[in-house]
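First up is the structure itself, then whatever we jot down about it.
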Amino acid sequence: MEKKIRVLVAKPGLDGHDRGAKVIAASLTDAGMEVIYTGLHQTPEKIVRTAIEEDVDVIGLSVLSGAHMSIFPKVMELLKKEKKTDILLTGGGIIPAEDMEELQKLGVGRLFGPGTQSKDVAEYIIEWHKNRK
Amino acid sequence: MNYPDLIDDFKQKKRGALARVITLVDNEEDEGIEFLKENYEKRKDSFRIGITGPPGVGKSSLVNHLLERFAKKYENVGVIAIDPSSPFTGGALLGDRLRMQKSYEFENVFIRSIASRGSLGGLSTSTENISQVMESFGMDVILIETVGVGQSELDIMEITDIVIVVLVPESGDSIQAMKAGLMEIGDIFVVNKSDRDGADRAVEFIKSSLSFKKNIKNNETPVIKTSASNEDNIDSLFLAIEDRMKFLNDSDELKMKREQRREREVKDILRDLFIKSIDKLIKNMENVNASPYEKAKKILEKTGFNFTEDLWKKR
């Protein structure tokens, strides 16, 4: 049986704009991945618990509320606590370039802003998965 | 993480280890098969409850409410939620968890979303094996939610102890057409979304079509009206499940069901291995135009399999 890349797509925080997350979830599915979509209002704790239970390779967060500087570090911290740093934490939303840089210093993967082609996200994940270990 | 460490963590009941073993088994990796072999005898049977029915009837929402009730009563509860894989890309969008948000309130609930990966009977080929892994982990109850594509989802009956068939008020007319499939496998029937018109009529439809059902094992098959979105009557459903569990436990039926399951597992493995190992023999047959029966007989002789002539004559 062929191994599949498993991805958790989640929307943390309070903003209710889930169109982007759904489009990404659908395009990753089209790229042959198994995508777990958990919907709106997910806390960092819920996200990490789901990631562990589903044994995902990648977590993709969609943050449009401006809360990215608290949510990404919190998820990262919980992943470290659970010794699950082999999971790629990536995502997208309205995130200024300087914030992206700062988050990447914390170990977060590439982040995608407005205007991203959905296939770029899929390609990034496939490439990351190939080079892993 | 290497395999022995993984097994240590599994024995210490770490969720991450359970999740990883499930992945190994789902992918049919060597270590996954190894795990199943080593742990089969040591595991304890869980009560397996299947939830099936057409798409959009509210299976996941019902599971959401049921898992709360099971989590309060039992020590460990597992959920396997299956969604379809695309036959074209192999990808899958697994969205059952979206409706199961209550699970986060309970530490003793473990949900795993699984893609059907080309299997057609409403499950994935790995569902039986994943259930066994959950049993090794010590789950008391496992809820298994099928893909939900409709008529042909009969595999669920073979791997569970109780099957719940979920329908909606609008299912009424199509029940006639369903008689031969879904309607025969349910131990409990649910008319969900019963806050909508026509729920009573649907219940009557179901009851009348069940009255034709042969080999009724015990009393009447329960037909329960629920509304998952309003959390209406979920307790009656839970009670009906518990009644059924009690009935199965007190009678020989549960034992029989599980014995049949074990026999079938052996047959499945034999069939799979046999077909794989004779593939080459079939392709290399000398007389290409011989009848399929002749060819089959030749192959059986070649493999040294000792079949009786009686069995052969029945062919």
(request) Taking only the stretch B:103-141 into account, find how many residues are within 14 Å of chain A (Cβ to nearest Cβ) and open to solvent by less than 20 Å² (accessible area, probe 1.4 Å). (result) 17
(message) If I go through the stretch B:19-32 residue by residue, how many of them are part of a helix (DSSP H, G or I) and either within 8 Å of chain A (Cβ to nearest Cβ) or open to solvent by 70 Å² or more (accessible area, probe 1.4 Å) (or both)?
(response) 7
(request) Could you grab the pairs with beta carbons closer than 7 Å, sequence gap of 6+ or different chains, first residue in the stretch B:1-24 and without any contact (Cβ under 8 Å) to a residue 40 or more places away in the chain and more than 20 Å from A:Arg49 (Cβ to Cβ), second one outside any helix (DSSP H, G or I) and open to solvent by 10 Å² or more (accessible area, probe 1.4 Å)? (result) none
(request) Residues being in a helix (DSSP H, G or I) and either of a type in the set (S, T, N, Q) or surrounded by fewer than 14 Cβ atoms within 10 Å (Cβ to Cβ) (or both): count how many of those fall in the stretch A:111-127. (result) 5
(message) Of everything in the stretch B:77-88, what is closer than 18 Å to B:Glu153 by Cα, facing chain A (nearest Cβ under 10 Å) and part of a loop (DSSP other than H, G, I, E, B)? Give them in sequence order.
(response) B:Ser86
(message) If the requirement is being on the phi < 0 side of the Ramachandran plot, of a type outside the set (A, V, I, L, M) and in contact with an Asp or Glu (Cβ under 8 Å, 6 or more places away or on another chain), which of these qualifies: B:Ser171, B:Ser124?
(response) B:Ser124
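So that you can scan it fast, the table gives a plain yes or no per residue for (1) in contact with a strand residue (DSSP E or B) (Cβ under 6 Å, 6 or more places away or on another chain); (2) assigned by TED's automatic domain parsing to the domain that holds B:Leu67; (3) aromatic (Phe, Trp, Tyr):
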position	(1), (2), (3)
B:Arg244	yes, yes, no
B:Lys280	no, no, no
B:Tyr293	no, no, yes
B:Thr303	no, no, no
(message) Whether any residue in the stretch B:260-268 is of a type in the set (Lys, Arg), closer than 21 Å to B:Met157 by Cα and in contact with a helix residue (DSSP H, G or I) (Cβ under 9 Å, 6 or more places away or on another chain) is what I want to check.
(response) yes
(request) Quick one: in the stretch A:1-48, of everything that is under 22 Å from B:Glu105 (Cβ atoms) and at the interface with chain B (Cβ under 7 Å from one of its Cβ atoms), which residue is modelled with the lowest pLDDT? (result) A:Gly39
(message) Take B:Ser194 and tell me if it is assigned to a loop (DSSP other than H, G, I, E, B), hydroxyl-bearing (Ser, Thr, Tyr) and modelled with pLDDT of 95 or more.
(response) yes
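When you look at A:Pro96, is it open to solvent by 70 Å² or more (accessible area, probe 1.4 Å) and under 19 Å from A:Gly20 (Cβ atoms), yes or no? Break it down stepwise before answering.
On the way: open to solvent by 70 Å² or more (accessible area, probe 1.4 Å): no; under 19 Å from A:Gly20 (Cβ atoms): yes.
Considered against the rule, which asks whether it is open to solvent by 70 Å² or more (accessible area, probe 1.4 Å) and under 19 Å from A:Gly20 (Cβ atoms), A:Pro96 comes out as no.
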(request) With the checklist (1) exposed (fewer than 12 other Cβ atoms within 10 Å of the Cβ); (2) closer than 15 Å to A:Ile5 by Cα; (3) at pLDDT 95 or above in hand, flag the one item A:Asn131 doesn't pass. (result) (3)
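The values are calculated or read from the model by the stated rules, or taken from the named source; none is laboratory data. Being a predicted model, the structure only gives us computed values, none of them experimental. Here Cβ is always computed from backbone atoms with ideal geometry, including for glycine, and neighbour counts include all displayed protein chains. Note: areas computed on protein heavy atoms with side chains; ligands, DNA, RNA excluded. Shrake-Rupley method; radii C 1.70, N 1.55, O 1.52, S 1.80 Å.
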